[in-house]
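Contents: one structure, followed by commentary.
Laboratory data are not the source of any read-out in this text; all were calculated from the coordinates shown. Values in this document were obtained by computation on a predicted structure and should not be read as measured data. Here the Cβ positions follow ideal geometry from the backbone for every residue, glycine too, while neighbour counts run over all protein chains shown.
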Amino acid sequence: MKKTNRLTLYIFIAMVLGILTGYLVNIAYSGKDGGQVTVGKFVENVSILTSVFLRLVKMIIAPLVFTTLVVGIAKLGDIKAVGRIGGKTMLWFITATFVSLFLGLILVNILKPGADMHLVDKHADTGIKAADMTLRGFFEHVFPDSVVNAMAHNEILQIVIFALFFGVATAAVGELGQIVIKFLDSVAHIMLKVTGYVMNFAPFAVFGAMAATIAEKGAGILKTYGIFIGEFYMGLGTLWLVLAGVGCLILGKRGLDLLKRIKNPALLAFSTASSEAAYPKVMEELEGFGADNRIVSFVLPLGYSFNLDGSMMYMTFASLFIAQAYDMHLGIEQQFSMLLVLMITSKGIAGVPRASLVVIAGTLSMFKIPDEGLLLLLGVDHLLDMGRSATNVIGNAMATGVVSKWEGALAEPRTNPEL
């Protein structure tokens, strides 16, 4: 069995074992004296596995993004080429964002998951700070005031901005820049090797994440929110079909090849509820797929800030779900206004903790929807985030493959895809 296939199998086994372990802990201690404390200690301890893995991944994200992007831009060697590729990339991102938001809007109006809840506004504190909706706040988040600070906090978009300037400048100085390019290229290959070591810890992280979630929330939460969760995942499935369909329309049969290759990183993102955890593996699979490494290094980091398709769909779906729960009717004009607001405010906050909830909180206040409705989502946000993260991986992988095709830079696969 191939190493990548083994990792997929181990992750799946770890996910099943984590669910079973969490369930056994929950039914053994819930409702008993001191049981909540015991469960809390179990959750705290087993979550260490996931926390360590995600910290290791974050450890490599900044140097990996910076080195690969600088090398990719420098090798393009032409600012016009950077602009051309950037334009095609943003065209796909903006279109995919609109489709994701619009699909969420259509489905939540058809399914009406919150229509039967009939909640009353109680002014409860959610603990979620609304997003900074100002134009100044947006640009201050996009452009770094310190590249060291951006790297320290894994602000991917800010790292990308600095890498764009650095890469173009490196290419512009000619022969002097070749030393830097060779050095950073070597660092990038070293970081990819480190990535391979880190990925071996993924099954343990998956076990910890699933065990902690089920032990704390109990399997009953799936039943309580079953309709909402089921309808949201049905929406994500529809979005997967749209992304895969458009990708295969452009890439032909190779679109299916790409989907086969990214199943492992998508599963990793799903089980850890973190698309960041899958970033290094996605990069590796895209290069194996035949996408130009310069384009991969350019498009993928941008995608992690501008092309979070799963999160986009969730924002309209969740915002209108809360409005329905409070029996608030929003007209078509208000719903389209909400869609446009979300298109703008959602960009560039990928590094913000619980970014989707932060943006939703700001949107609710803007449209006078009770923001304590977020409490409906907090209990199941992790379960929903799993699907969002996997969808983000699929969307960014497809975007990179399509831009490579548009640029005529899609080579033959380096290895046969996993079966």
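Annotations for the structure displayed:
- Whole-Å semi-axes of the stretch 266-311's equivalent ellipsoid (Cα gyration tensor): 19, 13, 7
- Lysine-lysine proximity count for the stretch 229-373, Cα under 27 Å, sequence distance 8 or more or distinct chains: 7
- Burial ranking of peptide ranges 275-286, 14-25 (average Cβ count within 10 Å, highest at the top): 275-286, 14-25
- Qualifying trypsin sites (Lys or Arg not before Pro) for the stretch 158-233 [loop in DSSP, other Cβ within 10 Å: at most 13]: none
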